[in-house]
Each structure stands twice: as structure tokens, then as C-alpha cells.
Amino acid sequence: MKIKVNSKPCELPDNSNISIAIRELDINPAGIAIAVNGKVVPKNEYETHILCDSDEMVIIKAFYGG
């Protein structure tokens, strides 16, 4: 299936959940937040939130400093 991750096209296996997507994309899950189609998905739903063809996933990395 084809989705967009941070506006870039990406191909994932059908019926992938968010956890599978971040593993396939080699993304460290620490310190990130994810929104799918404009809605933030809580971390405890990453295993159960199934992605669909044409979904748009945004990954936001927390930054520290001051």
C-alpha cells in the first residue's frame, strides 16, 4: 500500500499498523508523536491503528533545549 510520511511517498505492506510502519521506515520510536490524517494517535494505539492506502502520516520529533 502507498501512504505519505511527512509528505513523502512511502510503500508499506498491506494491513500495516503504525508500529510496523515505524519499524519498516527505521524510525526510532523514542520521543516522537504521530498523526494520521490530521489526528494524533496515542502511543498505546500504535499496534492497533491499521493504516490504509493513501493515508498521510506525520511524524513529529520532540526537541529539547533552550
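The values are calculated or read from the model by the stated rules, or taken from the named source; none is laboratory data. What you are looking at is a predicted structure, and each value in this text was computed from that prediction instead of being measured. Quick reminder, even Gly has a Cβ in these numbers, built from the backbone with ideal geometry, and neighbours come from all protein chains shown. Areas reflect the complete protein model, heavy atoms only, side chains present, ligands, DNA and RNA absent. Shrake-Rupley method; radii C 1.70, N 1.55, O 1.52, S 1.80 Å.
Before moving on, here are some points about what is shown:
- Scan the range 8-20 for residues that are under 19 Å from LYS39 (Cα atoms), open to solvent by less than 100 Å² (accessible area, probe 1.4 Å) and either among the basic types (Lys, Arg) or part of a loop (DSSP other than H, G, I, E, B) (or both) and the total you get is 1.
- For the range 27-64, the set of residues classified as charged (D, E, K, R), modelled with pLDDT of 95 or more and either within 12 Å of VAL5 (Cβ to Cβ) or in contact with a Gly (Cβ under 9 Å, 6 or more places away or on another chain) (or both) consists of ASP55, GLU56, listed by residue number.
- Filtered residue count, the range 21-60, keeping only those that are part of a strand (DSSP E or B), free of Cβ contacts under 8 Å to residues at least 40 places away in the same chain and not β-branched (Val, Ile, Thr): 3
- Verdict on CYS52 being surrounded by fewer than 13 Cβ atoms within 10 Å (Cβ to Cβ) and at negative phi: yes
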